[in-house]
Ligand code: GDP
Ligand code: MG
């Protein structure tokens, strides 16, 4: 799946405009991926309509390839579809969990408690399930493993009473997570019970726990729980299996809520906050859509933190020293394989990088690492002015870095090659430059 979407996108390489056939092919691939991930048909149709319209109507911004443009649209529309994660302020609160039996409520209660404990809050789980044998022991054990407070009463048989007492017994806790019973089907007595518990604990938010494999069954459930207690967010469990969890989007849509957490295993640490990009990549079966842009973003951030003064545009202003080259390489190293990274930088595809000699682009990870070690063995003066590096210094640097003289010479050659290219660009007008460097 991912491969066919990928190859449809790859066909756009080099194109600057999209025609209707291109768009249709991409939209079809996206539909196929989403439907097989259990996303509701009407949601898929809505999404593909907006992608189609935007891809055909919007002009790619200057310097953007058709491929980057359509990727951006797909990504933005997918983000609009899955939404942001449910707001969860790190402050005292009560969270009520709802969901069918086996959806993963008890496990998720302990997981969430563990998650809040990692944020420095003191959580407690209140177990109100008197229906399922062993529910008390299961919850207690998981809470012990999570090292969080637990309240339950194996001898009581009134869930509402347990909830009320649990709220008092856990007065020391910051975050109370109230676990409830589920049945195989949605039954009236279950709904009545959870409504009473809701009144007893007065939760700040109620979360619906859904198995990733839920599919279209999510609709009825979501509607029922929304009507009875109001749903503020969803936790999708069992994402470590093959199901992609697209059915949860139906619940989100139905309740006007959002996704709060993802569960991906049976232990208390197998929980993460929902984050749209990873989920989108998973739904599309395309691991690198956001990953790439994240890598670029992260690398830019790190570079920024590391060196607030360094701006890529600076190298177009004055001299391009080995220091500039080192920073550039550090930034690229953090991003991953160079050809993929180049694709992601707006304007770089058809811009400056294409004009570098092929050789200059042949910066394999291995070679990069060697180059870095070499530069670490050079003095400030040598980095500022590589021209002072003659035969003798080359020998010293090679020895110091544990590489060889040939590699040191290659580094110097590569630097002067890049320097020459950049000098060419320095001759260009201000406007040309801006277009090439910016989105
Ligand atoms: P409840 O009936 O809603 O309270 O569901 P439980 O918490 O008892 O979970 C039902 C089953 O699903 C248990 O065997 C759990 O270990 C399992 N489970 C829950 N969450 C996950 C998950 O994220 N991944 C996997 N693999 N299993 C899970
Ligand atoms: Mg349970």
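The values are calculated or read from the model by the stated rules, or taken from the named source; none is laboratory data. These numbers come from a predicted model, not from an experiment. Ideal geometry is used to build each Cβ from the backbone, glycine not excepted, and the neighbour counts take in all protein chains shown.
Computed quantities for the displayed model
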item	result
Options 113, 135, 163, 169: the member that is closer than 19 Å to residue 197 by Cβ and within 10 Å of ligand 2 (Cβ to nearest atom)	135
Matching entry among 88, 100 (being at negative phi, surrounded by 19 or more Cβ atoms within 10 Å (Cβ to Cβ) and outside the structural domain of residue 279 (by TED's automatic domain parsing))	88
Lone qualifier among 137, 129 - being out of contact with any strand residue (DSSP E or B) (no Cβ under 7 Å at 6 or more places or on another chain) and within 13 Å of ligand 1 (Cβ to nearest atom)	137
Among the residues listed as 112, 167, the single one being within 13 Å of ligand 1 (Cβ to nearest atom), within 27 Å of residue 224 (Cβ to Cβ) and assigned to a helix (DSSP H, G or I)	112
Total residues in the range 62-76, condition under 22 Å from the mean Cα position of the chain (by Cα), surrounded by fewer than 21 Cβ atoms within 10 Å (Cβ to Cβ) and touching a residue at least 12 places away in the same chain (Cβ under 8 Å)	1
Tally of residues being surrounded by 16 or more Cβ atoms within 10 Å (Cβ to Cβ) and either assigned to a loop (DSSP other than H, G, I, E, B) or not assigned by TED's automatic domain parsing to the domain that holds residue 109 (or both) across the range 170-210	8
Members of the range 186-205 that are in contact (Cβ under 8 Å) with a residue 60 or more places away in the chain and over 13 Å from residue 228 (Cα atoms)	201, 202, 203, 204, 205
Conditions (1) more than 13 Å from ligand 1 (Cβ to nearest atom); (2) touching a residue at least 60 places away in the same chain (Cβ under 8 Å); (3) part of a helix (DSSP H, G or I); (4) assigned by TED's automatic domain parsing to the domain that holds residue 178: number failed by residue 117	(2)
Evaluation of residue 96 against (1) without any contact (Cβ under 8 Å) to a residue 60 or more places away in the chain; (2) more than 10 Å from ligand 1 (Cβ to nearest atom) (one fails), failing number	(1)
Residue ID - farthest from residue 262 (Cα to Cα), chosen from residues in the range 211-221 that are within 25 Å of the chain's Cα centre (by Cα) and crowded, with 24+ Cβ neighbours inside 10 Å	218
Residue within the range 43-61 that is touching a residue at least 24 places away in the same chain (Cβ under 8 Å), on the phi > 0 side of the Ramachandran plot and not assigned by TED's automatic domain parsing to the domain that holds residue 217 present	no
Residue match in the range 421-430 (condition: in the same structural domain as residue 366 (by TED's automatic domain parsing), modelled with pLDDT under 55 and assigned to a helix (DSSP H, G or I))	yes
Residue in the range 223-231 that is more than 16 Å from ligand 2 (Cβ to nearest atom), assigned by TED's automatic domain parsing to the domain that holds residue 280 and assigned to a strand (DSSP E or B) present	no
All positions within the range 90-110 that are within 17 Å of residue 237 (Cβ to Cβ) and more than 12 Å from ligand 2 (Cβ to nearest atom)	95, 96
Output for the range 144-162, where each listed residue is part of a helix (DSSP H, G or I) and more than 17 Å from residue 112 (Cβ to Cβ)	159, 160, 161, 162
Residues of the range 113-135 satisfying the condition of being buried (at least 18 other Cβ atoms within 10 Å of the Cβ) and modelled with pLDDT under 95	129, 130, 135
